[in-house]
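The values are calculated or read from the model by the stated rules, or taken from the named source; none is laboratory data. Note that the structure is predicted; figures quoted are calculated from it, not measured. Please note: Cβ atoms are built from the backbone with ideal geometry, for glycine as well, and neighbour counts cover all protein chains shown. The area values use the complete protein model at the heavy-atom level, side chains included, leaving out ligands, DNA and RNA. Shrake-Rupley method; radii C 1.70, N 1.55, O 1.52, S 1.80 Å.
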Amino acid sequence: IQSVFTNPLVYAQFLLISLTTTFYLKGVNKNFVMSCVMNVNIGTSLFLLYFTGSRAGLILGLGLPLVSQYIKLYQKNNQISKRILQITNFVIIPISAILLVYYIVQNVDEANNLHYLFVNEMVDQETTSNLARILQLSKGAVAFINQPILGYGMGQALVPMDPLNSIDNYYLTMILATGGVGLLILVCFIVSIFNVGKKNILLYEDKQSSF
């Protein structure tokens, strides 16, 4: 693995692509032996994802079966499935988002003191990683407010983030580089993908066509 992938996070990206492909093939394949092989691959990939240290990758990997079940419910289009989808969309997802925002707000002050905490070895590696991402969001919000319309230009997202030397968030990078205009285009693009997916779910009997 070390001879092929530059770091564990790159390997995590490869595993996520592999998982998505396996879920698709598992849905269209009718061979029992191949289905067993694919199940083993899914379990092994999730196991390896855990050891890459990519928390986002692991969450996305575990979320793929949930997405598949969500699509199944959407396809059934009966009263029970509609009620489950309503609970998911208007209760579970908003509560999860609120808890995430609450966690970020609660740790902003500690994140702003990250350098002091790190130098004095007062935080472990995992906590340092969490606080670094919160610090990026905190500084990124301030930077976006200062340049909300057109941003700082492509390749210039790090300019207002001094002393940070990296941004581990694709969406934050895009927002800082392109501003509100770029954010609007990105949101429209994502919404259009979901709309196509929703139409495919209703048009195709095979859920894999939309997955």
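Among the GluC sites (Glu not before Pro) in the range 49-146, those located in a DSSP loop and surrounded by at most 14 other Cβ atoms within 10 Å of their own Cβ are 121. Residues in the range 15-24 carry Karplus couplings, in order, of 5, 5, 4, 4, 5, 4, 5, 5, 4, 5 Hz; the curve used is 6.51 cos²θ - 1.76 cosθ + 1.60 with θ = phi - 60°, and Gly or Pro positions show x. When the C-alpha to C-alpha distance is required to be over 22 Å, the pairs from 30/72; 30/198; 26/76; 72/199 that qualify are 30/198.
Here the range 117-164 is treated as a sphere whose radius is the Kirkwood value from Cα pairs; by Stokes-Einstein at 4 °C and 1.567 mPa s it diffuses with a coefficient of 107 µm²/s.
Residue-wise HN-Hα couplings along the range 168-184, as the Karplus relation 6.51 cos²θ - 1.76 cosθ + 1.60 with θ = phi - 60° gives them from phi, are 9, 9, 4, 5, 5, 4, 5, 5, 5, 6, 10, x, x, 4, x, 4, 4 Hz; Gly and Pro carry x. Protection proxy ranking, highest mean first, for peptides 26-39, 140-153: 140-153, 26-39, where packing is the per-residue count of other beta-carbon atoms within 10 Å, averaged.
Counting only DSSP H runs of at least 4 residues, each contributing -39500 (n - 2.57), and dividing by the residue count of the chain, the helix-based mean residue ellipticity at 222 nm comes to -24500 deg cm²/dmol.
Averaging 1/r over each pair of different alpha-carbon atoms in the range 89-211 and inverting the result gives 16.9 Å, the Kirkwood hydrodynamic radius.
The equivalent ellipsoid that matches the C-alpha gyration tensor of the chain spans semi-axes of 35, 24, 18 angstrom, in descending order. Would you mind telling me the share, in percent, of accessible area of the range 121-194 contributed by carbon and sulfur at probe 1.4 angstrom? Within the range 121-194, the accessible surface is 66 percent carbon and sulfur. Taking max minus min of the alpha-carbon positions on each principal axis, the range 14-86 gives extents of 40, 32, 14 Å, largest first.
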